[in-house]
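K.L.:
Before anything else, here's the structure in question.
The values are calculated or read from the model by the stated rules, or taken from the named source; none is laboratory data. Since the model is a prediction, treat every value here as computed from it, not as a measurement. Because the Cβ atoms are built from the backbone with ideal geometry, glycine has one as well, and the counts that use them run over all protein chains shown. In case anyone asks, the SASA skips ligands and DNA or RNA and just uses the protein heavy atoms, side chains included. Shrake-Rupley method; radii C 1.70, N 1.55, O 1.52, S 1.80 Å.
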Amino acid sequence: MAAVYSISFSTLNQCSDRRLPVPSARSLASNFDGFRFRTSVFSHYSRVRASTFSSSMVIHCMSAGTDVTTVAETKLNFLKAYKRPIPSIYNTVLQELIVQQHLMRYKRTYRYDPVFALGFVTVYDQLMEGYPSDEDRDAIFQAYIKALNEDPEQYRIDAQKLEEWARSQTAASLVDFASREGEVESTLKDIAERAGSKGNFSYSRFFAIGLFRLLELANATEPSILEKLCASLNIDKKGVDRDLDVYRNLLSKLVQAKELLKEYVDREKKKRDERAGSQTANEAITKCLGEYSMQTGL
């Protein structure tokens, strides 16, 4: 059994080991291979087609219809919506993420749900933590979700509702959602019903991360609680364990990479300050020598 509870989201940012090799942006992107949606041939990415959704399947954030959307078009939509340069440590992973999420988004069995939204919001916020501008961070989020023809506001609203709900739960009440009434409880019941029916539920790693976030906020740290929650939702726990292990590994590498970036920025700033100070001193010396020469007639 994977020990998914040994590291929380809040503590991961404080546990970087400087003795480990710090990954580059390219190596971080390669770690998202574990997040890739399973498909037979990568070269087929550009030929992914959006499926036709029945009216009963059209809910929050989902756009209905048969419009053909390729990965290239989704990436282009993102670049058109957000035109400012993004530092490579963030951009490399974002580009990898949007490809994977495009494949999830246009899978035949895809259906938006708040747990998926919570998982993505959690990943995004962890990835973009420490971004130079809060305004740009939000603008990138907006552009990213809109590029997938979904509603970024709905993502944030649903994620916040689930977080608030989870904070008021205990381990027992979290697992026992089926016996109670409420907006979130109804959402979880719908997921359980669809997951129990073949072909009506599309599991993803964002969904697994959303589940873990619920458990974390409810302080449900016992490994057995995840097993019970997965059983209640008709979700394969082995897959969830595997995906959470991948995510934990990615987060730890992101922490190291961001520390490297901060050290580089601080070092460059110090060099600039030193050069500016040296230039100012040289200018002052030159000025004094010039004044002395004028006074002495040299």
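K.L.:
Each residue of region 84-89 in order: what ³J(HN,Hα) in whole Hz does its phi give by Karplus 6.51 cos²θ - 1.76 cosθ + 1.60, θ = phi - 60°, with x for Gly and Pro?
P.N.:
After applying 6.51 cos²θ - 1.76 cosθ + 1.60, I find 6, x, 10, x, 4, 4 Hz.
K.L.:
Any of Lys80/Lys262; Lys189/Lys228; Lys237/Lys258 with alpha carbons more than 21 Å apart? Name them for me. Don't skip to the end; give the middle numbers.
P.N.:
Details: Lys80/Lys262 29 Å; Lys189/Lys228 14 Å; Lys237/Lys258 31 Å.
Flagged as over cut-off: Lys80/Lys262; Lys237/Lys258.
K.L.:
Percent of accessible area on region 78-231 owned by carbon and sulfur, 1.4 Å probe? Please report the intermediate quantities before stating the final value.
P.N.:
On the way: 3000 of 6250 Å².
On region 78-231, the fraction of accessible area on carbon and sulfur atoms equals 48 percent.
K.L.:
What distance in nm separates the two pseudo spin-label positions at Lys80 and Glu185, each 7 Å out from Cα along the beta-carbon direction?
P.N.:
4.5
K.L.:
Kindly write out, for region 172-183 in residue order, the coupling ³J(HN,Hα) from the Karplus curve 6.51 cos²θ - 1.76 cosθ + 1.60 (θ = phi - 60°), rounded to whole Hz, with x marking Gly and Pro.
P.N.:
Calculated HN-Hα couplings, in order: 5, 5, 5, 6, 8, 4, 5, 8, 10, 10, x, 5 Hz.
K.L.:
Same structure again: Write down the accessible area per residue of region 88-171 in Å², having rolled a 1.4 Å probe over the full set of protein chains.
P.N.:
34
K.L.:
Given the C-alpha atoms of region 161-227, compute the convex hull and give its volume per residue in Å³. Mind dumping the intermediate values first?
P.N.:
Numbers: hull volume 6.1 nm³, N = 67.
Value for region 161-227: 91 Å³ per residue.
K.L.:
Can you pull the Rg over Rh of region 71-129, Cα-only, Kirkwood? Write out the running numbers ahead of the final one.
P.N.:
Numbers: Rg = 12.4 Å, Rh = 12.6 Å.
Rg/Rh for region 71-129 comes to 0.98.
K.L.:
With every protein chain kept in place and ligands, DNA and RNA left out, what is the accessible area per residue of region 230-273? Probe 1.4 Å, answer in Å². Please list the in-between numbers first.
P.N.:
Values: 2410 Å² over 44 residues.
Computed with neighbouring chains in place, this is 55 Å² per residue.
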